[in-house]
1. How many residues does region 123-138 hold that are within 16 Å of I43 (Cβ to Cβ) and assigned to a loop (DSSP other than H, G, I, E, B)?
2. So for region 80-94 (the condition being under 16 Å from D119 (Cβ atoms) and crowded, with 17+ Cβ neighbours inside 10 Å), does at least one residue qualify?
3. Taking only region 130-146 into account, find how many residues are among the β-branched types (V, I, T) and under 13 Å from D116 (Cβ atoms).
4. State yes or no: is A111 farther than 23 Å from Y28 by Cβ and modelled with pLDDT of 95 or more?
5. Scan region 119-133 for residues that are loosely packed, with under 13 Cβ neighbours inside 10 Å and under 15 Å from the mean Cα position of the chain (by Cα) and jot them down.
6. Just checking, does region 72-93 include any residue being within 14 Å of the ligand (Cβ to nearest atom), aliphatic (A, V, I, L, M), assigned to a strand (DSSP E or B) and more than 27 Å from K155 (Cβ to Cβ)?
7. Taking the condition within 14 Å of the ligand (Cβ to nearest atom), at pLDDT 95 or above and not in a loop (DSSP other than H, G, I, E, B), does L52 pass?
8. Just to verify a result, which residue in region 103-119, among those that are within 11 Å of the ligand (Cβ to nearest atom) and touching a Ser or Thr at 6+ places or on another chain (Cβ under 9 Å), is farthest from L8 (Cα to Cα)?
Amino acid sequence: MSLLILDLDETLWHATYENLPQAADCVYKGRNVYFRPNAKQFIKEIAQISKLAIWTSAKAHYAKYCLKKLTGDLRQFAFIRTRKDCKKEVQWNQFSNETIYIKNIADLDDAYIIDDRFDCVIPNERCIRIQPFYGDREDSALTEILISVQQIVNK
Ligand SMILES: [Mg+2]
């Protein structure tokens with residue numbers, strides 16, 4: 001059985017200090033958290049055919065707080081890895097530098113990760129890339145990738 005790992009920010013939800021037109025799904029330390037349309041349903045569907053886990057570059061308390069609000073139950077996940085489980089790298093360019101957090105899933109057998117940041121996953125051929133979510137109420141990306149994700153984890 002495959003292991004499907006889910007990223008959180010911009011994959012399952014978007015957190016921002018701004019107020020979007022719709023009501024926030026939860027609030028964490030002043031940040032409004034907007035769940036991606038169909039996120040809860042997507043997790044339910046995938047859980048029937050694959051083990052699930054979480055790997056986020058966010059900090060643990062925030063990640064678990066919002067994930068509990070979204071899914072109700074954290075015990076369904078094989079693991080929840082957070083920022084401390086990522087490899088921190090600074091990417092330099094001419095004008096600025098960016099700190100990125102690398103998720104290395106090479107040692108996990110038959111694992112795939114759904115992530116909006118293809119460049120932060122090693123090996124990146126096991127990243128199922130999804131468009132980043134910034135709160136669009138019409139977003140349908142999770143529904144659109146469901147069938148291909150089912151095919152990948154079922155093979
Ligand atoms: Mg992300």
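The values are calculated or read from the model by the stated rules, or taken from the named source; none is laboratory data. Every value quoted in this text rests on a predicted model; they were computed, and no experiment measured them. A quick note on method: Cβ atoms are made from the backbone with ideal geometry, for glycine too, and the neighbour counts reach across all protein chains shown.
1. First pass over region 123-138, keeping only residues within 16 Å of I43 (Cβ to Cβ): 128, 130, 133.
With the extra rule that they be assigned to a loop (DSSP other than H, G, I, E, B), the set shrinks to 130, 133.
Of the residues in that region, 2 qualify.
2. As a first pass, look at region 80-94 and keep what is under 16 Å from D119 (Cβ atoms): 86-93.
This time we only want the ones that are crowded, with 17+ Cβ neighbours inside 10 Å, so: 86.
Among the residues of region 80-94, at least one is under 16 Å from D119 (Cβ atoms) and crowded, with 17+ Cβ neighbours inside 10 Å, which makes the answer yes.
3. 2
4. Details: farther than 23 Å from Y28 by Cβ: yes; modelled with pLDDT of 95 or more: yes.
The answer is yes for A111.
5. Let us first name the residues in region 119-133 that are loosely packed, with under 13 Cβ neighbours inside 10 Å, namely 119, 123, 125.
D119, the sole residue that qualifies.
6. Residues of region 72-93 within 14 Å of the ligand (Cβ to nearest atom): 81-83, 86.
In the following step, the residues that additionally are aliphatic (A, V, I, L, M) were identified as none.
Scanning region 72-93, I find no residue that is within 14 Å of the ligand (Cβ to nearest atom), aliphatic (A, V, I, L, M), assigned to a strand (DSSP E or B) and more than 27 Å from K155 (Cβ to Cβ), so the answer is no.
7. Against the criterion (within 14 Å of the ligand (Cβ to nearest atom), at pLDDT 95 or above and not in a loop (DSSP other than H, G, I, E, B)), L52 does not qualify.
8. Per the criteria, the residue is K103.
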